[in-house]
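The values are calculated or read from the model by the stated rules, or taken from the named source; none is laboratory data. What you see is a predicted model; the values in this text were computed from it and never measured. FYI the Cβ positions are ideal-geometry reconstructions off the backbone, even for glycines, and counts take in every protein chain you see. Remember, those area values only see protein heavy atoms, side chains included, never the ligands or the DNA or RNA. Shrake-Rupley method; radii C 1.70, N 1.55, O 1.52, S 1.80 Å.
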Amino acid sequence: MTRLARTLAAIDAANDADPDRSEGAPAARLYGERMTAELDRLFPDASDELRIAARGQHIERWTSPRASYPEGREGYLTWRRDLAAFHATRVGEIMAEAGYDAAAIARVGTMLRKEGIKRDAEVQALEDVICFTFLRWYFAPFAGGRDADELERIVAKTARKMSAEARARALAEFDLPEPFAAAFRA
């Protein structure tokens, strides 16, 4: 087994402990598999580091629930930053056990913390994969019960995070109603 295969298997094993089985499998494991599927589709020649970042992007996320942070935007942003740092550390531990060097571990950490989005091609690729995974698998259930203005803001924010190429591809692949489609054309 290659060190990449060992690393991905260890991430999956960690995510198998997710107590959320609302879709019949551990939610974090399913998310990682969906991220890998989108990565393979969008960036079939991705580096090992990008493959690891995609698979480990939500590793053991359930261990830090949003409710453990204050309400509001500041609490949300702190939670997200703390999660990114945790994910980078946790995935880095797994990578070290599999034999990756410090440079590869640091590279994955940079991606997981989203340092250099819009400036670093691999960080941006990871963000594009995250957005595609959200649109394909999580947007419809997320949208239920939310008002149109809130959804429009969320879709616009998602589109702004994506590269121009990914926005164009999203328009081609998803049947987006207006005004959602407008956010991807902007």
Within the bounds of segment 85-106, is there any residue that is among the hydroxyl-bearing types (Ser, Thr, Tyr) and within 15 Å of the chain's Cα centre (by Cα)? no
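Okay, residues lined up against (1) under 30 Å from Ala172 (Cβ atoms); (2) not polar (S, T, N, Q):
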{"residue": "Thr36", "(1), (2)": "yes, no"}
{"residue": "Pro44", "(1), (2)": "yes, yes"}
{"residue": "Ala88", "(1), (2)": "no, yes"}
{"residue": "Met95", "(1), (2)": "no, yes"}
Right, Val123: farther than 20 Å from Ala27 by Cα, aliphatic (A, V, I, L, M) and within 12 Å of the chain's Cα centre (by Cα) or not? yes
Hey, among Arg41, Arg61, Arg29, which residue is in contact with a Leu (Cβ under 9 Å, 6 or more places away or on another chain), within 22 Å of Phe134 (Cα to Cα) and basic (Lys, Arg)? Arg61
Subset of segment 61-81, residues open to solvent by 70 Å² or more (accessible area, probe 1.4 Å) and either of a type in the set (A, V, I, L, M) or not in a loop (DSSP other than H, G, I, E, B) (or both), comes to Trp62, Thr63, Ala67, Ser68, Arg73, Glu74, Tyr76, Arg80, Arg81
Sole residue being in contact (Cβ under 8 Å) with a residue 24 or more places away in the chain, surrounded by fewer than 20 Cβ atoms within 10 Å (Cβ to Cβ) and part of a helix (DSSP H, G or I), chosen from Phe132, Phe142, Phe86: Phe86
Do we find a residue being in a loop (DSSP other than H, G, I, E, B) and out of contact with any helix residue (DSSP H, G or I) (no Cβ under 7 Å at 6 or more places or on another chain) anywhere in segment 92-101? yes
Taking segment 153-162 on its own, how many of its residues are surrounded by 15 or more Cβ atoms within 10 Å (Cβ to Cβ) and over 17 Å from the mean Cα position of the chain (by Cα)? 1
Which is part of a helix (DSSP H, G or I) and either open to solvent by 80 Å² or more (accessible area, probe 1.4 Å) or β-branched (Val, Ile, Thr) (or both), of Glu178, Glu115, Glu165, Glu150? Glu165
Of all the residues that make up segment 19-38, how many are touching a residue at least 40 places away in the same chain (Cβ under 8 Å) and touching a Ser or Thr at 6+ places or on another chain (Cβ under 9 Å)? 4
